Amino acid sequence: MTAITIEKPNRLENSDVLTNKAEVALHINNMSIYYGETKAVKNITMEIRQNEVTALIGPSGCGKSTFLKTINRMIDLIPTARYDGEIMYDGINLLRKDINVVQLRKEIGMVFQKPNPFPKSIYENITHGLKFAGIRKKQVLDDIVEDSLRKAALWDEVKTRLYDSALNLSGGQQQRLCIARTIAGKPNIILLDEPSSALDPISNAKVEQLILDLKKDYTIVIVTHNMQQAARISDKTAFFLNGDLVEYDHTEKIFTNPDKKQTEEYISGRFG
Ligand SMILES: Nc1ncnc2c1ncn2[C@@H]1O[C@H](COP(=O)(O)OP(=O)(O)OP(=O)(O)O)[C@@H](O)[C@H]1O
Ligand SMILES: [Mg+2]
């Protein structure tokens, strides 16, 4: 396999200055995704902008997770899945067969709906990938553990039990640990698939605040079934229906004055 080196795009030094013309993180061009003969995601063209939160909404089965999993090629783990079109990231088409997917998944991290900590200590959950990447100094690892747990709003709850099993954490804490683990890998883009569907309202509020804090440094794409959540935290919202991208616009526009009747019906709860 040819290893494609993906250089990190320059982070924006001061995203506030550029909010109106935020740079494009991902250019998706005519991308379709199939399971066997079934086309689950149909000819999607859209741009995802750097340092923004992009929400994907739509009824169950419309293709949101499929779309998300394709961005970092987790979809490759499903033998029947295939895709065509392009996802351009820093000048590279991420759908190319010869992409180094291990490196890609470091650049584009993902947090799943169901928390999936490793059956190891809290500390090791965060350091596992770092050690794999060759970081060995204890002080460096300690600092990254603290920093990522703080960013994930979990530090205060776990600082006295870092060497306990992550599996003893509550579901909400496990999910924040998974977010901390993703942050520790310093990705450029974070994909979140319904990250708070298993959380209580307090943990959910923490995760939402976390997402808002993270967008200063990261580009975030989040799937959510919670319309209020999408409205609260996202800059752009994409509405999917049966694999089609029906409407994609500023979140405020989608939730107050969408162009399409189907979008209006969905956000007002008339179906889905
Ligand atoms: N591994 C698979 N094999 C075959 N079909 C699949 C597979 N995974 C998903 N699908 C189908 O692809 C379509 C899109 O599924 P996907 O999981 O992307 O939907 P979703 O929008 O994430 O739904 P939900 O909101 O319920 O999570 C569905 O019709 C689903 O049944
Ligand atoms: Mg899904």
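Results for (1) part of a helix (DSSP H, G or I); (2) small (Gly, Ala, Ser); (3) in contact with a helix residue (DSSP H, G or I) (Cβ under 9 Å, 6 or more places away or on another chain); (4) open to solvent by less than 30 Å² (accessible area, probe 1.4 Å), shown as yes or no for each residue.
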{"residue": "Ser60", "(1), (2), (3), (4)": "no, yes, no, no"}
{"residue": "Asp84", "(1), (2), (3), (4)": "no, no, no, no"}
{"residue": "Lys97", "(1), (2), (3), (4)": "no, no, no, no"}
{"residue": "Gln103", "(1), (2), (3), (4)": "yes, no, no, no"}
{"residue": "Lys114", "(1), (2), (3), (4)": "no, no, yes, no"}
{"residue": "Thr127", "(1), (2), (3), (4)": "yes, no, yes, yes"}
{"residue": "Asp142", "(1), (2), (3), (4)": "yes, no, yes, no"}
{"residue": "Asp147", "(1), (2), (3), (4)": "yes, no, yes, no"}
{"residue": "Thr160", "(1), (2), (3), (4)": "no, no, no, no"}
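Filtering the range 162-186 to residues that are part of a loop (DSSP other than H, G, I, E, B), at pLDDT 95 or above and surrounded by fewer than 16 Cβ atoms within 10 Å (Cβ to Cβ) leaves Tyr163, Asp164. Exactly one residue out of Ile222, Ile233 is in contact with a strand residue (DSSP E or B) (Cβ under 6 Å, 6 or more places away or on another chain), within 16 Å of ligand 2 (Cβ to nearest atom), at pLDDT 95 or above and among the β-branched types (Val, Ile, Thr): that is Ile222. Under the condition of being within 16 Å of ligand 1 (Cβ to nearest atom), open to solvent by 50 Å² or more (accessible area, probe 1.4 Å) and either part of a helix (DSSP H, G or I) or within 17 Å of Arg176 (Cα to Cα) (or both), the residues counted in the range 214-232 number 0. For the range 28-57, a residue qualifies if it is within 16 Å of ligand 2 (Cβ to nearest atom), touching a Gly at 6+ places or on another chain (Cβ under 7 Å) and either farther than 22 Å from Arg105 by Cα or not in a strand (DSSP E or B) (or both), and exactly one does: Ala40.
Taking the listed residues Leu192, Leu245, the one that is in a strand (DSSP E or B), open to solvent by 20 Å² or more (accessible area, probe 1.4 Å) and within 16 Å of ligand 2 (Cβ to nearest atom) is Leu245, with no other qualifying.
The values are calculated or read from the model by the stated rules, or taken from the named source; none is laboratory data. Computed from a prediction, not measured in an experiment: that's the story for all the values here. Virtual Cβ from ideal backbone geometry, glycine too; neighbours counted across all protein chains shown. In case anyone asks, the SASA skips ligands and DNA or RNA and just uses the protein heavy atoms, side chains included. Shrake-Rupley method; radii C 1.70, N 1.55, O 1.52, S 1.80 Å.
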